[in-house]
Amino acid sequence: MEKSKLKVMAVAIAMVLFSAAGAVAQNNLLTNGDASQGLRGWTEPLGGNEWEATTISEVPPISGPYFYPKKFKGLRASGAPDWKARGGKYTQLMQTVSVSSSYVEGRTMTLSADARGWPGQDDAVILQVRCFDSSNKLLASKDSNYAQGGNWKKIKASLVVPSGTVKVEVGLFVHQLQGSVDGYIDNVSLTVQ
């Protein structure tokens, strides 16, 4: 009798865990934030063919593939939108999401990702979330803290969504300051609370 109670409890716990995992995955407004489908859902506004979704032997993944620039044409960082450039060059991966203003207005939107650079280099990963109205006017923008160095860390940018927001742009930036470009990004999510 005791074994059957344990089995029932184990099944109940598993169902709760799977249900919670599904709710988290459904809450992500982005397509393919885990890079498991290559670059599906993402665009490269700086010319294309710079980014890849894979793993390389020198950078152990958190789980599965991650996004990184495989080659780097890059633009001068002074042209980067809304964040203070420190010189160098940058590249960007972007995704645009249409949202219902009545659903998101006044709520907190958070863009988060696991990110890292290369040990001993100053190259940085920066996330950016921007809200636009129906006439494509920028209503709000928020940048994350930087992820640098050889360890994965969670970075995020949060903002309260302004009235009239119908489109959100998400930018994944890698800012090159020295050597080859080194920025790695995984588990990107955009959530509303």
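The values are calculated or read from the model by the stated rules, or taken from the named source; none is laboratory data. Note that this is a predicted model, so its numbers are computed, not measured. Because the Cβ atoms are built from the backbone with ideal geometry, glycine has one as well, and the counts that use them run over all protein chains shown. Note: areas computed on protein heavy atoms with side chains; ligands, DNA, RNA excluded. Shrake-Rupley method; radii C 1.70, N 1.55, O 1.52, S 1.80 Å.
For T54, nonlocal amide neighbours, meaning residues 5 or more places apart or on other chains whose placed amide H falls under 5 Å from its own, are Y66, Y68.
By a 1.4 Å probe calculation restricted to protein chains, Y184 has an accessible surface near 10 Å², given to the nearest 10.
Which far-off residues, 5 or more places away or on another chain, put their amide H under 5 Å from the one on D122, with H placed in the peptide plane? Hits under the 5 Å cutoff: Q178. In straight-distance terms, cross-link reach from K156 covers every one of the aspartates and glutamates whose alpha-carbon lies under 13 Å from its own, apart from those fewer than eight places away in the same chain; here that gives D114, D143, D186. Counting charges near A147 (Lys, Arg +1; Asp, Glu -1) among other residues having Cβ under 14 Å from its Cβ returns a value of -2.
Past 24 Å, Cα to Cα: identify those pairs from K70/K142; K70/K153; K70/K154, in the order given.
Pairs exceeding the cut-off: K70/K142.
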